[in-house]
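The values are calculated or read from the model by the stated rules, or taken from the named source; none is laboratory data. No experiment lies behind these values; they were computed from the predicted model shown. Here the Cβ is made from the backbone with ideal geometry for all residues, glycine too, and neighbour counts use every protein chain on show.
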Amino acid sequence: MLRIAVIGAGIVGASVAFRLARSGEARVWIVDKALPGSGTTSASFAWANASEKTPRDYFELNRAGLEEHFRLRDELPGEAGALWLHPGGNLEWSEDEAALEGLERRVERLRSWGYAAGWRRASWVNEVLEPNVAFPSPNTPVAFSPEEAWVDAPRLVNTLVELARREGAETRFGTAVEEIEAGDGRVAALRLQHGERLPVDAVVNAAGPEADRVAALLGRRLPLKPSKGLLLRLAVEGTPIGRLVHSPHANLRPDGPGRVLVHHGSVDQKLESDAEARNQLGRELLGRARRVIPALAPALADAEVEDLRVGIRPMPEDGLPCVGAVAEIPGYYEAVTHSGVTLGPLLGRLLAREILAGEVDALISPFRTDRFARAR
Ligand SMILES: Cc1cc2nc3c(=O)[nH]c(=O)nc-3n(C[C@H](O)[C@H](O)[C@H](O)COP(=O)(O)OP(=O)(O)OC[C@H]3O[C@@H](n4cnc5c(N)ncnc54)[C@H](O)[C@@H]3O)c2cc1C
C-alpha cells in the first residue's frame, strides 16, 4: 500500500487526503503546523463560482469545481453534507456605466458558455429574495447566478479530516514539516518539527501560501505572488441577507445564523500590514456594508465586529492553479491555487486519481507543475 503524506490541512489538502483515504489504496498522513482549516481557508470569502474565471480552461475547471461541491454534499453521510454548503446564488450590480457594460459582457459570456446567469430587476430581488438590500433604483438591473453558493470552508475541512480519519488516515497537527528526504531523487520521508520521521512513498504539497517554502525543501522553485484580503465578520440580529451579494461598495454574505461576512477588493488594495490601518479599513468595510443594507443600519451600528482577518491568497505567479506530479522529483505532487474553496473538492478527487492510477484528468492538464522550472 502506498504511504502518502499530505502537507497542509486546508480545504485543498483535506480534500486530497479524504479522497486518498477513502480509496482504501493508500496509508495516509495529514500534517499541518497549525489546526485544520486555520490557514487561508478560514480567511476566505468562500464563494463557490466560475463567474470571473478566464481563460476558458480555467472557467471549465471552476465550473466543475462548483458542481463537485453538490456532488460531495450528496455523497457525504447523514447531515454532514448539508451543513457546509449554502446554495442560493449570487447577486451583482453596478452603478456606473462602464462597470455595467463590463458586467453585461461577463453575463453574456457566461450564458454563451452555458453557465446559469441572467438578469432581474432590483424590485423583483427586493420582493422575492432580499428585502433588506438597497439598490440605486427599483429598475436597477441585477445579475443573478442562481447556482452559485457559499461554503463554510472550515466546517468542510473538519468534516473531511474526520472522515479521512475514519478511513484510517493519521493526523499530525501543530507540527511543521521541516524536511523532505529525497534519497536518490525520489521522495522518501518527512521530518517533522517535533522530531518524528514519517517514511513515505509520496508527498502532496498543499501548504497554501507557504507552498513555495515547502517546495524549496526539495530545491524546487514554485513562484507565488501572494496577495492579501481583509474580511470583516459581524454579529448581527436575525438574518439580514440570505445569499451572496456583490455590490459596488461591499460584498456580503451570510456566515451562519446571526453573522455576516464583508469583503471588498477595493479595500484589499489599501491593505497595509500594520494593525491600525487594518482596523481603519475594517471600519470602512462596516460603513460600506451599511450602504448595502441601510434598513439595518441601527442593527449594523450595534453589530459586534466579531473578527477582522487578513487572508493570504495562495496565488501561483501566473494566477492559475498548479496541480499534479513534479516529474523530476518522483513521489512529489503539488496542489496550490487561488479559488481553492471552489476548487478544493474537485482537485482532491482528481489529484488522488493521478497519484493512485497515474491518470491526469483533462480538466487539470492545462495547469501542470512543469510550467515552473526547477531552480537547481
Ligand atoms: C480574502 C480572500 C478571499 C477569497 N475568496 C475566495 C472565494 O470567494 N472563493 C474561492 O474559491 N476562493 C477564495 N479565496 C481563496 C481560497 O480561500 C484559497 O485558495 C484556499 O483557502 C486555499 O486553501 P489551501 O488549503 O490551499 O490553503 P490553506 O487553507 O492556507 O491551508 C494550507 C495549510 O498548510 C499548512 N502549512 C503551511 N506550511 C506548512 C508546513 N511547513 N508544515 C505543515 N503544515 C504547513 C498551514 O498551516 C495551512 O493550514 C479567497 C482568499 C482570500 C485571502
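Could you tell me whether the range 115-132 includes any residue that is surrounded by fewer than 19 Cβ atoms within 10 Å (Cβ to Cβ), of a type outside the set (A, V, I, L, M, F, W, C) and under 22 Å from the mean Cα position of the chain (by Cα)? No: the range 115-132 contains no residue that is surrounded by fewer than 19 Cβ atoms within 10 Å (Cβ to Cβ), of a type outside the set (A, V, I, L, M, F, W, C) and under 22 Å from the mean Cα position of the chain (by Cα). Based on this model, can you work out whether residue 230 counts as in contact (Cβ under 8 Å) with a residue 40 or more places away in the chain, touching an Asp or Glu at 6+ places or on another chain (Cβ under 7 Å), of a type in the set (A, V, I, L, M) and within 12 Å of the ligand (Cβ to nearest atom)? For residue 230, the condition - in contact (Cβ under 8 Å) with a residue 40 or more places away in the chain, touching an Asp or Glu at 6+ places or on another chain (Cβ under 7 Å), of a type in the set (A, V, I, L, M) and within 12 Å of the ligand (Cβ to nearest atom) - is met. Taken together, 331, 287, 324, 256 contain a single residue that is in contact (Cβ under 8 Å) with a residue 40 or more places away in the chain, away from the ligand (no atom under 13 Å from the Cβ) and in the same structural domain as residue 236 (by TED's automatic domain parsing), which is 256. For the range 137-157, indicate whether the set of residues that are more than 16 Å from the ligand (Cβ to nearest atom) and under 22 Å from the mean Cα position of the chain (by Cα) is non-empty. Yes - at least one qualifying residue is present in the range 137-157. Identification of helices (runs of 4 or more DSSP H) wholly contained in the range 2-116 with 1 or more residues that are touching a residue at least 24 places away in the same chain (Cβ under 8 Å) and within 9 Å of the ligand (Cβ to nearest atom) yields 11-23, 56-75. Residue under question is residue 224, and the condition is that it be in contact (Cβ under 8 Å) with a residue 40 or more places away in the chain and under 30 Å from residue 185 (Cβ atoms); does it hold? Yes; evaluated as a whole, the condition is true for this residue. Listed by position, the strands (runs of 3 or more DSSP E) enclosed by the range 202-289 that each have at least 2 residues that are among the basic types (Lys, Arg) and either at positive phi or under 19 Å from the mean Cα position of the chain (by Cα) (or both) are 227-235.
The residue of the range 200-223 that is nearest to residue 346 (Cα to Cα), among those that are of a type outside the set (D, E, K, R) and within 10 Å of the ligand (Cβ to nearest atom), is 206. Look through 95, 162, 104 and report the one residue that is over 27 Å from residue 259 (Cα atoms) and either in the same structural domain as residue 56 (by TED's automatic domain parsing) or not hydroxyl-bearing (Ser, Thr, Tyr) (or both). None of the others qualify; the one that does is 104.
Between 15, 38, 44, 23, the distinction of being over 18 Å from the mean Cα position of the chain (by Cα) and either modelled with pLDDT of 95 or more or buried (at least 24 other Cβ atoms within 10 Å of the Cβ) (or both) belongs to 23 only.
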